[in-house]
1. Filter region 100-137 down to the residues that are charged (D, E, K, R) and modelled with pLDDT of 90 or more, then identify the one that is surrounded by the most Cβ atoms within 10 Å (Cβ to Cβ).
2. Could we say that residue 167 is in contact with an Asp or Glu (Cβ under 9 Å, 6 or more places away or on another chain), of a type in the set (Val, Ile, Thr) and surrounded by 12 or more Cβ atoms within 10 Å (Cβ to Cβ) here?
3. Output the number of residues of region 120-132 satisfying the condition of being acidic (Asp, Glu) and in a loop (DSSP other than H, G, I, E, B).
4. Which of the residues belonging to region 140-163 are among the hydrophobic types (A, V, I, L, M, F, W, C) and over 16 Å from residue 183 (Cβ atoms)?
5. Has region 174-181 got at least one residue that is touching a residue at least 40 places away in the same chain (Cβ under 8 Å) and surrounded by fewer than 23 Cβ atoms within 10 Å (Cβ to Cβ)?
6. Could you tell me which of the residues 140, 187 is out of contact with any Lys or Arg (no Cβ under 6 Å at 6 or more places or on another chain), surrounded by fewer than 20 Cβ atoms within 10 Å (Cβ to Cβ) and either touching a residue at least 24 places away in the same chain (Cβ under 8 Å) or on the phi < 0 side of the Ramachandran plot (or both)?
7. Which of the strands (runs of 3 or more DSSP E) found entirely inside region 144-208 contain at least 1 residues meeting this: touching a His at 6+ places or on another chain (Cβ under 8 Å), at pLDDT 85 or above and farther than 26 Å from residue 27 by Cβ?
8. With the requirement that a residue be among the β-branched types (Val, Ile, Thr), surrounded by fewer than 23 Cβ atoms within 10 Å (Cβ to Cβ) and either part of a strand (DSSP E or B) or in contact (Cβ under 8 Å) with a residue 40 or more places away in the chain (or both), what does region 209-236 give you?
Amino acid sequence: MKTVLTIAGSDPTTGAGVQSDILTIYQNGAYPFSVVTSITSQNAMGVTNRFDLDKNIVRSQLNTLLETNLPDAIKIGMLGSAENCRVVYEVLMMRFPDERLRPPIILDPVMVSTDGKELMDDEGVDVLIEKLLPLVTLLTPNLMEYDRIFAQKRSLDIHRPPCNILVKGGHSTGDCIDRLTLTTGETFFWTSPRIKTTYDHGTGCTLSSAIAANMAVGKTLNESIRLAKLYLTEGLKDPVIFDSGYGGIRK
């Protein structure tokens, strides 16, 4: 069975974060490995606290796992601190020095929670841009994350980015239009009707993990995005509702 490593923060509601990634990866035909970077305290109302793990804990998890388990794709989510961004970069460079042998890496640049809690400071964004972007196969920012990255690093070329970028249209108005810009400058669009639901926590985590799983099993980038969007759409249409009245995307 093909495998995907998710490197992300913990969400005790399982709506997002590493718990959501694990479910999504398995449901999309791959086996999940996981490394936790941060612990959050959150519920249906939002995030109350965030505790980034020490960089040495993250390094130890990654090194130990990768000694015996090399994934077919990697999904990177919430990293929290600049130190953890650096550690992930250093370990991936050490384990996969030859880019031709590097598995697909999908980076979802988690910066702010749904309720507005900051999950990465400016230093962390700087490290993400300078170190991780050149390593990744696909970056999947929402509109706010995309604007922050390109505002913070004005030398980046929007038309020929350092990695392929899928800008998600979930935070726009009207139909949801996602734009994929390849490093070659080619651009592709996916348009889908907006689904009106309050149960949309973790859409970015779900989409990026589904893309990673599809790439792990051999699908192309464009086909992986198409299949991941279908998977996310079905999950939004049929959420899991809990006793307290909130719910989550069905995985």
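The values are calculated or read from the model by the stated rules, or taken from the named source; none is laboratory data. Here the structure is a predicted model, which is why all the values come from computation and not from measurement. A quick note on method: Cβ atoms are made from the backbone with ideal geometry, for glycine too, and the neighbour counts reach across all protein chains shown.
1. Within region 100-137, the match that is surrounded by the most Cβ atoms within 10 Å (Cβ to Cβ) is 108.
2. yes
3. Step one: list which residues in region 120-132 are acidic (Asp, Glu), which gives 121-123, 126, 130.
From the residues that got through so far, the ones that are in a loop (DSSP other than H, G, I, E, B) too are 121.
Matching residues across region 120-132 total 1.
4. Within region 140-163, 143, 144, 151 qualify.
5. yes
6. Values: 140 fails: surrounded by fewer than 20 Cβ atoms within 10 Å (Cβ to Cβ).
Criteria check complete, one pass: 187.
7. Strands (runs of 3 or more DSSP E) meeting the threshold: 176-181.
8. If the condition is that a residue be among the β-branched types (Val, Ile, Thr), surrounded by fewer than 23 Cβ atoms within 10 Å (Cβ to Cβ) and either part of a strand (DSSP E or B) or in contact (Cβ under 8 Å) with a residue 40 or more places away in the chain (or both), then 217, 233 are the ones that fit.
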